[in-house]
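Participant: Below is the structure I would like to discuss, written out as structure tokens.
Values in this text are rule-based calculations from the coordinates and carry no lab data. Every value quoted in this text rests on a predicted model; they were computed, and no experiment measured them. For neighbour counting, all protein chains shown are included, and Cβ atoms are generated from backbone atoms with ideal geometry for every residue, glycine included.
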Amino acid sequence: MASGDPVVATKDLTKKYGKLVALDRLTMAVERGQILGFIGPNGAGKTTAIKILVGLARPTSGSAQVAGTDCVADPRKIRRLVGYMPDIFGVYDNMRVSEYLDFFGAAFGIRRRERVQRIDQVLETAGASNFKDLYVEALSHGMKQRVAIARTLLHDPAVIFMDEPTNGLDPQARIEMRQLLLDLARRGKTLIVTSHVLPELSHVCDRVAIITRGKLRAFGTQEEVTRQLSPLREMEVLLTGSDRIAQVVEVVRKHLESGASIQSSPAEAVVRFRTARREEELAKLLAALIASGLDVTQFREVQTDLEEAFLTVARSDDNGAAEMGLSKTHGKSKALISEEIKS
Amino acid sequence: MTPIIRRELLEWMRTRKALALQVGLAAVCAILILVRWPTGGVGELSGARSLEVLRIFGYGALAGILLLAPALPATTLVREKMSGTLALLLNSPLSGQSIYFGKLLASLGFTAILLTMTVPAAAACYALGGTTIRGGVGLLYAILCLAALQVSTLGLLVSSRSQSTDGALRVTYGLVLAVCVLPLAPHWLLQGSEPPLSEIVEWIRGLSPIPAVMEVLGQGDVGSRGMSIGGGAMVRYAVMASLMSVLCALATFSRVNHKMLDRARPAGIMTQDRALGTRIMRRMLFLVDPQRRSRGISRFVNPVMVKEFRTRRFGRAHWILRLVALCAILSLALSYLSATGALGWGLEAIGGALVLLQISLLILFVPSLAGGLISTERESGGWRLLLMTPLSAGAILRGKLMSVVWPLILLLCATLPGYIVMMHLKPTLEVQVYRVVATLVLTATFAVLVSAAASSLFRSTAAATTTSYSALLAICLGPLLIWLGRGAPFGHRAVETILTVSPVAAALHASDTPGFTDYALLPANWWLIAAACLALLTLLVVRTWQLSRPD
């Protein structure tokens, strides 16, 4: 594998269960040391994609490679290359954490002396050193998550797949988990992480993939994804006072497309608008505002966050579902849910 | 209470298993009646033929109740606890008693439905004549109902104290077996003793439903000899079973509340961190201390096997060692008693007792050790993790099977000293002992493969364990029901054919146990069991391969 090659690559990856298309021609690539946030509603196909990449499922068509190894042709080699932390823990009753990790270490063929050191290391990394002698089944959900992370890191995999790693963690542990993900990426590990807590992913991910109904809707950096999903930029003009706010609205309207949405808030002394205009045209608008003698304190773009991008996809997906002839009630209920999330 | 009864009953009645049980039971009863229904034009006035059928029906129904009735109550509370719904129930306005009685009545309701399926067969026995509704059939049903109540309350008690469904099933079936068989032993051994000892053993024997059923069916008593006649067994059973049910219910009441969920997390203290005195004491008590910080798994050992040993509460080394010691002591004690003439049973009967001891160990322990080999992994999500390791499916299966085979070898070896003493006392028994050992080894292999195959077929460990127990009991002990009816209603040839299937009968035949010497069961049984083992092994390998393939 050449140094510039992607560590994880899929091409037209498709998985069908009978008539159900769980994954529809997924094509993406992740480079070494990157963290990919895999986002999508429940049942979107995230876990199916991960299962194919770790060798637990076979695709119907297309190809998937991890560190240059074909996931279908050489699943045994894949097992050594990847660390997989599924959404369920996999408890063994009556087993202590140290014994649990010892078993997985032995299963991966790590020598006994090295294994003992390695167990201490991964427990330290996952912040679970205190749990070493506790019984696995007696751990709380958050503690189990930490042990699961330790288990995933045990054989020092090049690529780590984590399904909802922050599930059940307390706020402090979530922050520590973010640090851990960044640390691992710094050490050259490639991480593919799914989570429903989108602000969390936005803090750590280099790349984001949004998937719905098995299809990749957006892929790239967060900025690229938000741009892909929402061509209209939201801009904000802040003034020193609200007395000349109508004049500002007038100037803005002249420079925008006809019918563009402009909102003013005298209480905040701010004017907001959404536009598809490019940088040069916006520069002209700012010049016009200053030339009119208006006291502008700020002229800036409001960043669309990951949550907003995800909701855009979810809404468009709902519309797609309605177009596909899904029942009215189903569409309505989903729209309502979207509205609730929005509010 | 009503919503619980409705939910539990509906949940069960909707399953395919429930339908299969009802249809299966009705079919078995119908076949029994069809086989024995008079076809000639001459009526039989003495009622002997009807009684023959009623006996088979009665023992079959009792075996069915003891096998099926505890399954539902044994898992009901622990399942609620594991799925988290018990907290919801305890948080509802339902009281602990309502929850308990709801579950008990639902279990009894299901058993009542099963018993109803047997009514046409009982009616046919009555129609044949020779028995009355109040005297024969009615009393039999009364005892069956009482037995259902007894094992259901016992199952609920175990369920309230268990942490896993398969563990609850194991303990419940073990206790049911103990309650049915162990109370017979003092009476058997102390026959002819003076009161009050004889009175005490009579009442202890009253805990088991077997003497009561035997009395109803006019078959005297278990192990009775000479002029000894039973009598009063039904009354004693009614009193003792009711008492036991009430005690079990009271003990469960005290558990069905927040205490069931109010459990501190184990502190995880290791023996190495304890005081010196405690360390020495634990070393003496445990020999292999389960709370000692264990060394890592050696690279020459299959890690799956070690994992299996470590994850089993019962299968851990200290328990196996205790059991081995107990078996060795029992086996030697039997041989010693026989040699010193303290028991006038004769070597053949002692051999038979040893065979029964070993078979009981096999039937009791193998499903509990092997019934969850694969299903537990699938249930807990561990199977997916195992597949993510570089271990091949073959290595996983090998490790799992070896984790059952080693304890079994130890257990069976522990009972061998008895045979060695027998061979020393009577050297002509050598061939006989070899035949017994060969039969037992085949039986153990068969039991392991039946349980392991069941565990590969089911996702739920409780279902796999129940299936393993049912299959083994049906194959090993079921034919003995037919043997009970030897001479009448079943002929020699029919009994011999049926007994050929049973490894227990084969082992008893090999040890020349009285009652089994007339049947030529070997080597036909060896061939049959070997073929079954081969088929089961193939099934197990194919299923493991299927399960380890990517989706």
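Participant: Can you give me the distance in nm between label points at B:Gln163 and A:Asn42, each placed 7 Å from the Cα along the Cα-to-Cβ direction?
Facilitator: A separation of 3.0 nm, rounded to one decimal place.
Participant: I need the calculated FRET efficiency for the pair B:Ala474 and B:Glu11, taking r as the beta carbon distance and R₀ as 25 Å, to the nearest 0.05.
Facilitator: Values: r = 25 Å, r/R0 = 1.02.
Efficiency at R0 = 25 Å is approximately 0.50.
Participant: Can I ask one more? Taking the Cα-to-Cβ direction at A:Thr221 and at A:Asp243 and moving 7 Å from each Cα, how far apart do the two end points lie in nm?
Facilitator: Reported label-point gap for A:Thr221 and A:Asp243 is 4.3 nm.
Participant: Okay, moving on. On each of the three principal axes of the Cα atoms of chain B, give max minus min coordinate, whole Å, ordered largest first.
Facilitator: Cα extents, longest axis first: 76, 69, 55 Å.
Participant: Averaged over peptide B:92-105, how many Cβ atoms belonging to another chain are found within 10 Å of each residue's Cβ?
Facilitator: On the way: counts 0, 0, 0, 0, 0, 0, 0, 0, 0, 0, 0, 0, 0, 0.
Counting other chains' Cβ atoms within 10 Å and averaging over B:92-105 gives 0.
Participant: Would you mind calculating the gained length between A:His203 and A:Ile175 on full extension (0.36 nm times residue separation, minus the Cα-Cα distance), in nm to one decimal? Provide the component values of the computation, followed by the final result.
Facilitator: On the way: separation 28, 0.36 × 28 = 10.08 nm, distance 1.00 nm.
Result: 9.1 nm gained on full extension.
Participant: Based on DSSP H runs of at least 4 residues, each adding -39500 (n - 2.57), what is the mean residue ellipticity at 222 nm of chain B after dividing by all its residues, to the nearest 500 deg cm²/dmol? Before the final figure, lay out each step's value.
Facilitator: On the way: 25 runs with 398 residues, N = 551.
Result for chain B: -24000 deg cm²/dmol, rounded to the nearest 500.
Participant: Still on this structure: With the alpha-carbon atoms as the only input, what is the per residue convex hull volume for the protein assembly as shown in Å³?
Facilitator: Working: hull volume 207.1 nm³, N = 894.
Cα-based convex hull of the protein assembly as shown, divided per residue, equals 232 Å³.
Participant: Based on the mean of other Cβ atoms within 10 Å per residue, sort peptides B:457-467, B:162-172 so the most packed one is first. Walk me through the numbers on the way to the answer.
Facilitator: Values: B:457-467: 22.1, B:162-172: 24.0.
Order by mean packing, descending: B:162-172, B:457-467.
Participant: Dipole of chain A (Lys/Arg Cβ +1, Asp/Glu Cβ -1, origin at the Cα centre): which of A:Leu180, A:Gly83, A:Pro231 lies farthest to the positive side?
Facilitator: Of the listed residues, the answer is A:Gly83.
Participant: Beyond a 22 Å Cα-Cα separation, which of these cross-linked pairs lie in this structure: A:Lys11/A:Lys215; A:Lys46/B:Lys307; A:Lys77/B:Lys400; A:Lys11/A:Lys51; A:Lys16/A:Lys51; A:Lys132/B:Lys307?
Facilitator: On the way: A:Lys11/A:Lys215 13 Å; A:Lys46/B:Lys307 31 Å; A:Lys77/B:Lys400 24 Å; A:Lys11/A:Lys51 15 Å; A:Lys16/A:Lys51 13 Å; A:Lys132/B:Lys307 17 Å.
In this structure, A:Lys46/B:Lys307; A:Lys77/B:Lys400 lie more than 22 Å apart at Cα.
Participant: Okay, next question. Do any trypsin sites (Lys or Arg not before Pro) in region A:180-272 lie in a loop, going by DSSP, with at most 12 other beta-carbon atoms within 10 Å of their beta carbon, and if so which?
Facilitator: Details: sites: A:Arg186, A:Arg187, A:Lys189, A:Arg207, A:Arg213, A:Lys215, A:Arg217, A:Arg227, A:Arg233, A:Arg244, A:Arg253, A:Lys254, A:Arg272; in loops: A:Arg187, A:Lys189, A:Arg213, A:Arg244.
Sites meeting the loop and neighbour criteria: A:Arg187.
Participant: Determine which aspartates and glutamates satisfy two conditions relative to B:Lys103: a Cα distance under 17 Å, and not lying fewer than 8 residues away in the same chain.
Facilitator: B:Glu8, B:Glu11, B:Glu80
Participant: Distance between Cα centroids, region B:133-178 to region B:75-97: provide it in whole Å.
Facilitator: Cα centroid of region B:133-178 versus Cα centroid of region B:75-97: 21 Å apart.
Participant: Over what distance in Å are the Cα centres of region A:152-173 and region A:220-295 separated?
Facilitator: 42 Å
Participant: Okay, next question. At B:Leu410 and B:Leu182, where each label point lies 7 Å from the Cα along Cα→Cβ, what is the point-to-point distance in nanometres?
Facilitator: 2.2 nm
Participant: Going 7 Å from the Cα of A:Ile88 toward and past its Cβ, which residues in region B:65-79 have a backbone nitrogen under 18 Å from where you end up?
Facilitator: Residues B:79 qualify, since their backbone N sits under 18 Å from the label point.
Participant: What FRET efficiency comes out for the pair A:Glu114/B:Leu537, r = Cβ-Cβ distance, R0 = 41 Å, nearest 0.05?
Facilitator: Details: r = 37 Å, r/R0 = 0.89.
Working from the Cβ atoms, E equals 0.65.
Participant: Could you work out the mean count of beta carbons from other protein chains within 10 Å of each residue's beta carbon in A:108-115? The partial results should precede the final answer.
Facilitator: Numbers: counts 5, 5, 2, 2, 5, 1, 1, 3.
Shielding by partners across A:108-115 averages 3.
Participant: Moving on. Place a +1 charge on the Cβ of each Lys and Arg in the protein assembly as shown and a -1 charge on the Cβ of each Asp and Glu, then give the dipole magnitude about the Cα centre in debye, rounded to the nearest 20. Show your work: numbers first, answer last.
Facilitator: Numbers: 94 positive and 67 negative charges, 220 e Å.
Magnitude of the dipole: close to 1060 debye.
Participant: Per 10 Å bin, what is the whole-percent P(r) computed from every C-alpha pair distance within region A:8-228?
Facilitator: 8, 34, 36, 19, 3, 0
Participant: Roughly how crowded by other chains is peptide B:157-167, in terms of the mean Cβ count from those chains within 10 Å of each of its Cβ atoms? Intermediate results must be reported in sequence, preceding the final value.
Facilitator: On the way: counts 0, 0, 0, 0, 0, 0, 3, 3, 0, 1, 1.
Averaged over the peptide's residues, the number is 1.
Participant: List the chymotrypsin sites (Phe, Trp or Tyr not before Pro) within region A:110-206 that DSSP assigns to loop and that have no more than 15 neighbouring Cβ atoms inside 10 Å. Could the numbers behind the result be given before it?
Facilitator: Values: sites: A:Phe131, A:Tyr135, A:Phe161; in loops: none.
In loop regions of region A:110-206 (DSSP not H, G, I, E or B), there are no sparsely surrounded chymotrypsin sites (Phe, Trp or Tyr not before Pro).
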